[in-house]
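Notes for the one structure printed next.
The values are calculated or read from the model by the stated rules, or taken from the named source; none is laboratory data. Bear in mind that the values here come from a model prediction, so they are computed numbers and not experimental data. All Cβ positions, glycine included, derive from the backbone under ideal geometry; neighbour counts span all protein chains shown. These area figures cover heavy atoms from the full protein model, side chains too; ligands, DNA and RNA do not enter into them. Shrake-Rupley method; radii C 1.70, N 1.55, O 1.52, S 1.80 Å.
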Amino acid sequence: MQGFETLKHKRSGYCGSFRKNDAGRKITVYGWVQRRRALGGLIFVDIRDRTGILQITFDETLNKEIFDRAYTLRAEDVIGVTGTVRERGDANTKIATGDIELLAEDLQIFSKSETPPFEIVESSNVNEELRLKYRYLDLRRPDVQKPIIFRSALAALAREYFIRNDFIEIETPYLIKSTPEGARDYLVPSRVHPGSFYALPQSPQLYKQLLMVSGFDRYIQIARCFRDEDLRAERQPEFTQIDMEMSFVDVDDVIEMNEGFVKRAFNDFLGIELSLPLPRMTYREAMERFGSDKPDTRFGLELVNISETVKDFGFKVFADTVAAGGSVRAVVAENSADRLSRREIDSLTEFVKTYRAKGLAWIKYGEQISSSFMKFLSENEQQRLIEKLDMKPGDTAFIIADRDQVVFAALGALRLEIAKRFSLIPENRYDVLWVTEFPLFEYSEEEKRFVAEHHPFTSPMQEDLHYMDSDPVRVRSKTYDLVINGMEAGGGSIRIYNPQLQQKMFEVLGFTQEDAQARFGFLINAFKYGVPPHGGMAYGLDRLVMIFTGCDSIKDVIAFPKVQNASELMSGCPSCVDCKQLEELHIKLTEE
Ligand code: ASP
């Protein structure tokens, strides 16, 4: 059996780090062969590591033995080269080390590579399945490495910032009690306790609150979270949060602490100076103006509520909707009339239907006014509507009449779609803001009960406490979401620290005392022994990396991501296990 080469020399530096002023130095580099070209008595080998590429020249007249071995090199072989840096006659402006080359005096070949299933080059269009199957090769590509390396820098900044502000990094367990609320838990069977299960945490929420009860005062963790949901494009079964919690604080304190972090991140990584305090918008305002709780404020197309204007029009669709407690709202796309064909309008109509809107009414103010419904209005009504919408020649208005929920969802999505189609979103602009005062509860038609909009430990606003019994959906909460360019980058809340209020909360959510005790007993008990007022938030680290690097798939910011059906293509998990393993876990599979 052949042995293996041991490293003869210490690495002098990364391949991509050498420059003109290194000329004359004797150095050693290690890396992968990018390519090899033979040119008469010379062989050129590009060597690559994570920092870049360096050209190596093997000269036949200098050392025949090394030259002959260099001749055998193929792409992705792993080598070490020692030699002298010299300036190149023909500088290669495409690479950072293009002014120099390394004249080889020694070559070590550590391992040979088979022909890889795809070439290791930037921005190649290899299909995703193949990339993920050979993820370790995919990850050799510089553009694929970039977000992964950035991710490390962002996590390091989070640690540094919070720890400098007296936060303590504490790990919370990954094997915990199942307390599902929101998403489905991943379960882990216990071998020692037949029939019992751990859950993987959906977030460290309860533990970080308990750490406040313990007096740690300020907690930070870069924590993995697990949610067994059907994956949408932006989701992964496991994802990472920058998770923080602090004691003796109210909304402003948590926001202020986190704005310091966000400002640092924008400054350090994008060179953008955010001015603090960041703008804040209540949930109500965000919905009214943008139809979304994560408003993209980089462009106009704001919603206009025309319910008051149209409620007594002869046109029944509008009047009836308002009478039934719904609303009629519009967005006006300026200077769009001549660009919006009937086909385009039809496709926007189909688009809003995917948000459960029954239809899309429109007015096109071109040379003349054309509209899907204006013929049903009197002249005076037409006039009043155009005025209310503040329409000018060239504008197009889109109107939806429905329940508020549907109107907001459909128009909120429509304004984004129009902005995309008409390229209205400015590049290189970052709108960073807080959305606050979310409703505490949402009524779930499916479960026929109130569910927590954030989670059951979120504090109501003092002013709204009296609605807890009479009209829960009116209760606003001490919540705040950080929104960057229309994406939710993080969110959190001030927590309930009063045991009676927590009990009340469980009651409204429909838990009996026994239910609550069975699920959250350890928290309820802890709250009997002196709880500081506390609150915190969590950032989606994956999402933040996407925003900062401009990646548009969450898979691009995770080293070993899973695909849509929650499997990992490289290792092939999830997979069957031995009967023996199942036996030990006291698990029997059913026939199917
Ligand atoms: N644990 C919450 C979440 O995962 C964040 C928080 O309230 O701190 O959304």
> Looking at E65, is it open to solvent by 30 Å² or more (accessible area, probe 1.4 Å), among the acidic types (D, E) and closer than 16 Å to F110 by Cβ?
Replying inline: no
> Could you say whether any residue in the stretch 387-394 is buried (at least 24 other Cβ atoms within 10 Å of the Cβ), within 17 Å of K364 (Cα to Cα) and in contact with a Gly (Cβ under 9 Å, 6 or more places away or on another chain)?
Replying inline: no
>> Tell me the residue from G24, G13, G31 that is touching a residue at least 40 places away in the same chain (Cβ under 8 Å), among the small types (G, A, S) and part of a loop (DSSP other than H, G, I, E, B), please.
In response: G24
>> Looking only at strands (runs of 3 or more DSSP E) that lie completely in the stretch 411-470, which have at least 3 residues being buried (at least 17 other Cβ atoms within 10 Å of the Cβ) and within 16 Å of the ligand (Cβ to nearest atom)?
In response: 432-436
> Counting only residues that are of a type in the set (D, E, K, R) and in contact (Cβ under 8 Å) with a residue 60 or more places away in the chain, how many does the stretch 106-115 have?
Replying inline: 1
>> Pull out all pairs, ordered by first then second residue, where Cβ-Cβ is under 9 Å, the residues are six or more apart or on different chains, the first lies in the stretch 245-271 and is on the phi < 0 side of the Ramachandran plot and assigned to a loop (DSSP other than H, G, I, E, B), and the second is among the basic types (K, R) and open to solvent by 10 Å² or more (accessible area, probe 1.4 Å).
In response: D250/K478
>> Being part of a strand (DSSP E or B), in contact with a Lys or Arg (Cβ under 7 Å, 6 or more places away or on another chain) and either buried (at least 19 other Cβ atoms within 10 Å of the Cβ) or not aliphatic (A, V, I, L, M) (or both) is the requirement here; does T84 meet it?
In response: yes
>> Being surrounded by 16 or more Cβ atoms within 10 Å (Cβ to Cβ) and touching a strand residue (DSSP E or B) at 6+ places or on another chain (Cβ under 9 Å) is the filter here; which residues of the stretch 505-530 pass it?
In response: M505, V508, L509
>> Considering only residues that are assigned to a loop (DSSP other than H, G, I, E, B) and either open to solvent by 60 Å² or more (accessible area, probe 1.4 Å) or within 25 Å of F408 (Cα to Cα) (or both), which ones fall in the stretch 272-295?
In response: E273, S275, L276, P277, L278, P279, G291, S292, D293, K294, P295
>> For the stretch 242-257, give me each residue that is charged (D, E, K, R) and either open to solvent by 30 Å² or more (accessible area, probe 1.4 Å) or away from the ligand (no atom under 12 Å from the Cβ) (or both).
In response: D250, D252, D253, E256
